[in-house]
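The values are calculated or read from the model by the stated rules, or taken from the named source; none is laboratory data. Here the structure is a predicted model, which means the values were calculated and not measured. In this analysis, Cβ positions are derived from the backbone assuming ideal geometry, glycine residues included, and neighbour counts consider all displayed protein chains.
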Amino acid sequence: MVEASIITIGDELLIGQVVDTNSAWIAQELNKAGIFVKRRVSVGDSWEEIWKALDEESRHANIILITGGLGPTSDDITKPLLCKYFNAQMVVNKAALENVKYLFETIFKRPVTDVNLKQAEVPDVCTVIQNKRGSAPGMWFEKNGNDGEIIFISMPGVPHEMKGMMEEVVPMLKNKFVLPVIIHKTLLTAGIGESALAEKIKDFESALPSTIRLAYLPASGMVRLRLSTSGYEKEEIVSSIQSHFENLKSLVNEYLVTDEDEPLEKKIGKLLMAKNKTMATAESCTGGYIAHLITSHAGASKYFKGSVIGYDNSVKENILMVASQTLQTAGAVSKETVEEMLSGVLKNIRADYAIAVSGIMGPDGGTLEKPIGTVWIAAGNSKSVVTQKLNLRFDRMRNIQLTTVYALNLLRKFIIEMEK
């Protein structure tokens, strides 16, 4: 089994100033290629800590991928450290030098400084991986370990540059190792908690062969179930995992949102496009978060027409056409208000379906009658509407996220029912 470790370098990662997205993305790409990621480690800009991480991870993995610390400034120490680690001498790589000059003279229209030129220097024992999106080249090292050869790959920490470099790194790894096929099958459920779901499928789980693993992945009112397996005979393992996956789907069909590894809002988009229908949102307490999720996917313009963020009551009344009497008697957070918000956004935006939400997210604003976490949601079309009241108990952002999930799922079920 070919296993990898990922080392991300930078003080900014350890103090939380920058979120490490590199290791998650790299792990996904390696998994697709048939490489198991065994460990992920973050270290600061410390010579001692980076050196210790290289030693430690080389005892656990065949492949060590490193990101960060390759810039031109004094705190970027990865390259000189690797030079010493592999008992090498620093030399100028001609192709890297031409790339640096091209970037600064042709693209940036700035003179090349001595600091910039040092980017073209690399340890003489490495294979250079050219950077098509930046100035710092990547480096491929090979070293004998206790259990065979170990590959060390150093790449820039800038995500855009690292991703471009991985387009070359993955094929190089495939040429170096005989890799298995790794298969994942994922479904998404809503409306049932993780523990209840586990109880429901406990017999299925206990009967799974040792070659197939089941994972529970809960998040924001939903639970993903993932079956995973690997092997060198692709047709055989695909057939095996698919039969178990179909069985799993039948067991959770009541709560099944999608049998693909995709978010709820993308599934709704597929439902709408299949029927050539559109949708809109009228959002108060979520402040546009529902629309944000929908439009974060390419192609959303085919089915999403727009949103009205009616945060203030004057917007609810003047644009979403909520009656002033409704706001005075039932209040902004009420079944009556979200129903009128939904009706108003459908008329104004002229969509086929819509979602409307209004609630109290916290940390203040609640009353005895309507405490923090009280939310009303509505989903429907011009002919029919369904509503749901939520009593949430989390912090502001968590309440917004959960409201979004419940609202989207209410719309999903409504669409399915209407299109039968």
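Return a yes/no flag: does segment 76-86 have any residue that is among the hydrophobic types (A, V, I, L, M, F, W, C), more than 15 Å from T8 (Cα to Cα), crowded, with 16+ Cβ neighbours inside 10 Å and modelled with pLDDT of 95 or more. Yes, some residue in segment 76-86 is among the hydrophobic types (A, V, I, L, M, F, W, C), more than 15 Å from T8 (Cα to Cα), crowded, with 16+ Cβ neighbours inside 10 Å and modelled with pLDDT of 95 or more. Suppose the filter is basic (K, R), crowded, with 16+ Cβ neighbours inside 10 Å and either under 27 Å from the mean Cα position of the chain (by Cα) or at pLDDT below 95 (or both); does R213 pass it? Spelling it out, it is not the case that R213 is basic (K, R), crowded, with 16+ Cβ neighbours inside 10 Å and either under 27 Å from the mean Cα position of the chain (by Cα) or at pLDDT below 95 (or both). Among residues of segment 207-236 that are closer than 29 Å to G191 by Cα, those with a Cβ under 6 angstrom from a residue that is charged (D, E, K, R), sequence gap 6+ or separate chain, pair up as L214/E205; A215/R226; Y216/E194; L217/R224; P218/E194; V223/E194; L227/K185; S228/R213.
Of the candidates D259, D312, the single residue that is of a type outside the set (S, T, N, Q) and in contact (Cβ under 8 Å) with a residue 40 or more places away in the chain is D259. Applying the criterion of at least 2 residues that are of a type outside the set (F, W, Y) and farther than 21 Å from V170 by Cα to the strands (runs of 3 or more DSSP E) found wholly in segment 53-130 leaves 90-92, 121-123.
Only a single item in (1) surrounded by fewer than 16 Cβ atoms within 10 Å (Cβ to Cβ); (2) of a type in the set (G, A, S); (3) under 24 Å from the mean Cα position of the chain (by Cα) is not met by A196, and it is number (3). The residue that is nearest to K84 (Cα to Cα), among those in segment 131-149 that are part of a strand (DSSP E or B) and at pLDDT below 95, is K143.
Residues are listed down the side, and each one gets a yes or a no for (1) closer than 18 Å to F304 by Cβ; (2) among the β-branched types (V, I, T); (3) surrounded by 17 or more Cβ atoms within 10 Å (Cβ to Cβ); (4) touching a residue at least 12 places away in the same chain (Cβ under 8 Å):
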site: T337; (1), (2), (3), (4): no, yes, yes, yes
site: L346; (1), (2), (3), (4): yes, no, yes, yes
site: A356; (1), (2), (3), (4): yes, no, yes, yes
site: G362; (1), (2), (3), (4): no, no, yes, yes
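Scanning segment 38-52 for residues that are among the polar types (S, T, N, Q) and outside any loop (DSSP other than H, G, I, E, B) yields a total of 1.
Does segment 2-37 hold any residues that are part of a helix (DSSP H, G or I), more than 23 Å from S74 (Cα to Cα) and of a type in the set (A, V, I, L, M), and which are they?
So in segment 2-37, the residues part of a helix (DSSP H, G or I) come out as 11-14, 22-33.
With more than 23 Å from S74 (Cα to Cα) added as a condition, the list becomes 23-33.
Those that are part of a helix (DSSP H, G or I), more than 23 Å from S74 (Cα to Cα) and of a type in the set (A, V, I, L, M): A24, I26, A27, L30, A33.
The set of residues from segment 400-420 being over 15 Å from G380 (Cβ atoms) and either touching a residue at least 40 places away in the same chain (Cβ under 8 Å) or in a helix (DSSP H, G or I) (or both) comprises I400, Q401, L402, T403, T404, V405. One residue is enough: does segment 189-209 have a residue meeting the conditions of a type in the set (F, W, Y), in contact with a His (Cβ under 9 Å, 6 or more places away or on another chain) and at pLDDT 95 or above? The answer is yes, given that some residue of segment 189-209 is of a type in the set (F, W, Y), in contact with a His (Cβ under 9 Å, 6 or more places away or on another chain) and at pLDDT 95 or above.
This table checks each residue for (1) in contact with a helix residue (DSSP H, G or I) (Cβ under 9 Å, 6 or more places away or on another chain); (2) more than 21 Å from L117 (Cα to Cα).
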| site | (1), (2) |
| --- | --- |
| V41 | yes, yes |
| D45 | yes, yes |
| E48 | no, yes |
| W51 | yes, yes |
| H60 | no, yes |
| T73 | yes, no |
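A196 - would you say it is within 22 Å of K94 (Cβ to Cβ) and of a type in the set (A, V, I, L, M, F, W, C)? When the stated conditions are applied, A196 does not pass them.
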